[in-house]
1. What percent does the relative contact order of the range 239-361 come to when contacts are Cα pairs within less than 8 Å and at least six residues apart?
2. What FRET efficiency, computed as 1/(1 + (r/R0)^6) with R0 = 51 Å and r the Cβ-Cβ distance, is obtained for LYS201 and GLU314, rounded to the nearest 0.05?
3. So who's got an amide H within less than 5 Å of the one on VAL206, skipping anything under 5 residues away but keeping other chains? H placed 1.01 Å off N, in plane.
4. Stretch THR268-ASN224 to full length: gain in nm at 0.36 nm per residue minus the Cα-Cα span?
5. Just subtract the alpha-carbon distance of ASN366 and ARG174 from 0.36 nm times their residue separation and send over the number in nm, one decimal.
6. Name the long-range amide H neighbours of ARG289: under 5 Å, sequence gap of 5 or more, or other chain; modelled H, no Pro or chain starts.
7. For LYS189, give me every one of the lysines with a C-alpha distance below 29 angstrom, ignoring sequence neighbours fewer than eight places off in its own chain.
8. Taking all pairs of distinct Cα atoms, average 1/r, flip it, and tell me the Kirkwood hydrodynamic radius of the range 254-374 in Å to one decimal place.
Amino acid sequence: MAHSAISQVSVAVPLQTDSSFRRSTFKATSLTFSDKSCISMPSIDLKATRSRSQYVVCMSVQHASKAKVSVSPLSLEDAKEPPLNIYKPKEPYTATIVSVERIVGPKAPGETCHIVIDHDGNLPYWEGQSYGVVPPGENPKKPGSPHNVRLYSIASTRYGDSFDGKTASLCVRRAVYYDPETGKEDPSKNGVCSNFLCNAKPGDKVKITGPSGKIMLLPENNPNATHIMIGTGTGVAPFRGYLRRMFMESVPMKFNGLAWLFLGVANTDSLLYDDEFTKYLNDYPGNFRYDRALSREQKNNKGGKMYVQDKIEEYSDEIFKLLDEGAHIYFCGLKGMMPGIQDTLKRVAEERGESWEQKLSQLKKNKQWHVEVY
């Protein structure tokens, strides 16, 4: 960890029963702090995690929660233009799977996985770009030819989840086909690439193309800008990258604006990266807002299911004001999300006596409008 006067103290405590643990007195030696400020007890956050024969208690002292992670190599900040199509479909890069983790709860409809891929620094990218994945096997429509490339938004910053510039992460929902008559799964019609990725094991090889895309790049010329992010399901991927760059990593861009995330999923078990986003909310309440739309658990103000466009309508006055002041707005997810959102924005604009067509045209002209749907 870096950039905090007081970062973290780990204290080893003998393992006892939970009740005796609470009565334990801590003995610690050689604790040094780089500033002389007093440490008041309410500012200390004790988190206990049990490991074999001891409790390790992390004492996060004042401002420690805001300590940012050191990243390397910082030379990844030097390029003036984003990397584009370093590897093409005819000659993809062979990367290695590091890990595949299911990141939704048991009550989530479907399965979503977080997949970390090692590119060894050979396939650099910027936040908001996509990788192409060429699944193994041959294209059934073109025997003898490889499968078509499938694009996936990258869910990590350019430094990756290990902060060393050598990995990229993807957020992938397993595409499963159910026969409408029998209701049973038909594996022959399941998504080839998503199932390959979700079934992958550490050490497996994966063919990657890219990176591609410029429309979702995060504009960093103004560190005080407002960024409104609207995602459904795995469409949250680029926003995870943005937010880690803004709030987690120690990078040259010192973000001091407002990041506002709207995330639409089916239910609580379907929330993606919720712990990360909740931490930013606690650590940076003046710079981050986070609104969830849970369609199967919440009702909108008309009594129907709560979709992300209903949340947008709820805050429409504020959103339109921010857009008028130059905010960037981003949309990522299934293409079916956009008609409902556009209808809502059009209705809100008309209620305000504005023409949505003119407003949208102006937003696009000003490069405030960023859409990536699939």
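1. 18
2. Result of the calculation: an efficiency of 0.75.
3. Those qualifying (amide H under 5 Å, at least 5 residues apart or on another chain) are ALA95, THR96, ILE97.
4. Length difference between fully extended and current span is 12.7 nm.
5. Once the chain is fully extended between ASN366 and ARG174, it gains 65.5 nm.
6. ALA259, TRP260, LEU261
7. Candidates past the 8-residue exclusion: LYS88, LYS90, LYS107, LYS141, LYS142, LYS201, LYS205, LYS207, LYS335.
8. This gives a value of 15.5 Å.
The values are calculated or read from the model by the stated rules, or taken from the named source; none is laboratory data. Bear in mind that the values here come from a model prediction, so they are computed numbers and not experimental data. As a convention, Cβ positions derive from the backbone with ideal geometry for all residues, glycine included, and neighbour counts pool all protein chains shown. Surface accessibility is based on the protein's heavy atoms, side chains included, excluding ligands, DNA and RNA. Shrake-Rupley method; radii C 1.70, N 1.55, O 1.52, S 1.80 Å.
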